[in-house]
Amino acid sequence: MAYQSQQYITLDSVVNNYLDQSEQGVHKYYKIWQLAFRGLETLGLDFFYTVKSVKLPVNPNKTVSLPSDYVKYTKIGVLNGKGEIVGLTYNNKLTTFADLLPDRQEKTEDNSLFGWYNYQAPIFYNYWDGIGYAAVYGLPSGGQRVGEFKIDNENNLVVLNEHYGYDYLMVEYISSPQEGGDYKIPVQFREALIAYLGWQDIALLPNTRRGSYGDKEQRKRNFYNERRLANARYKPLYLEEAYELNLQMQRITVKG
């Protein structure tokens, strides 16, 4: 038997298990793989999506193009001397207007406001001093100025503020699924996911001999039962908890 690292199995292996069990050919792989990924969401396993970390160049107009498989960011920032990502501050006030144009900065700045307000140096709330974050006015002496950002989901861009001074941006993000990708799930969910595939494989078929209403309902009930069992199996039981449970059972026995 192949070695299972930390009791995880690949999504690909579950798909092939189902194809073998249902006696279907590899020409159905793409359909079943897509169903399997949807099954992860139904099982509450979407937190097992692949997380990637990339170093991206900053465009001349202070934007950064996100990867095509980007779904949601987990960290955005720059690197410090320890190889850690120092996060930027999310600024919802930054506009995404003209962020596809090379002269975005010129189109999004209105200097007439200086006649109404006294100018103050920009505030960076996530200045990293080597120990922690601090609110810094203007350029910190002997320190590191980071910056602010906003996500333009429609155009798949990171919009940076005008004072951002680096030529790169570190982005750690959740990636979207790709056919044949190496996605792993706990082995306890294998049977539940196979049951989900068996249900969804015929769920939208007309009520014929292959997809009768009774068969669909039976497969649906089987899936929810397997999901209940998988959730029960997945909850880890540590040795200390087992020891405490044993002591409680002994006390109950003595009192009885």
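The values are calculated or read from the model by the stated rules, or taken from the named source; none is laboratory data. Small disclaimer: the values here were computed from a predicted structure and weren't measured. We place every Cβ from the backbone using ideal geometry, glycine too, and count neighbours over all the protein chains shown.
Exactly one of these conditions fails for residue 93: (1) more than 21 Å from residue 230 (Cβ to Cβ); (2) buried (at least 17 other Cβ atoms within 10 Å of the Cβ); (3) more than 20 Å from the chain's Cα centre (by Cα). Give me its number.
Failed condition: (2).
For residue 14, indicate whether it is assigned by TED's automatic domain parsing to the domain that holds residue 195 and either surrounded by fewer than 15 Cβ atoms within 10 Å (Cβ to Cβ) or modelled with pLDDT of 90 or more (or both).
yes
Looking at (1) out of contact with any Leu (no Cβ under 9 Å at 6 or more places or on another chain); (2) surrounded by 14 or more Cβ atoms within 10 Å (Cβ to Cβ); (3) more than 15 Å from residue 160 (Cα to Cα), find the lone condition where residue 84 falls short.
The number of the failed condition is (2).
Have a look at 79, 40, 56 and point out the one that is in the same structural domain as residue 190 (by TED's automatic domain parsing) and in contact (Cβ under 8 Å) with a residue 24 or more places away in the chain.
40
Among the residues of region 184-201, which ones are surrounded by fewer than 21 Cβ atoms within 10 Å (Cβ to Cβ) and within 22 Å of the chain's Cα centre (by Cα)?
Selection gives 184, 186, 187, 188, 190.
Quick check: anything in region 158-177 surrounded by fewer than 16 Cβ atoms within 10 Å (Cβ to Cβ), at pLDDT 95 or above and aromatic (Phe, Trp, Tyr)?
Checking region 158-177: at least one residue is surrounded by fewer than 16 Cβ atoms within 10 Å (Cβ to Cβ), at pLDDT 95 or above and aromatic (Phe, Trp, Tyr).
Take residues that are in contact (Cβ under 8 Å) with a residue 60 or more places away in the chain, in contact with a helix residue (DSSP H, G or I) (Cβ under 9 Å, 6 or more places away or on another chain) and within 23 Å of residue 37 (Cα to Cα) and tell me which of the strands (runs of 3 or more DSSP E) falling wholly in region 154-224 contain 2 or more.
Result: 184-186.
Per-residue answers, yes or no, for (1) hydrophobic (A, V, I, L, M, F, W, C); (2) modelled with pLDDT under 85; (3) under 16 Å from residue 18 (Cβ atoms):
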| residue | (1), (2), (3) |
| --- | --- |
| 182 | no, yes, no |
| 186 | no, no, no |
| 194 | yes, no, yes |
| 213 | no, no, no |
| 227 | no, no, yes |
| 231 | no, no, no |
| 241 | no, yes, no |
| 248 | no, yes, no |
| 254 | yes, yes, no |
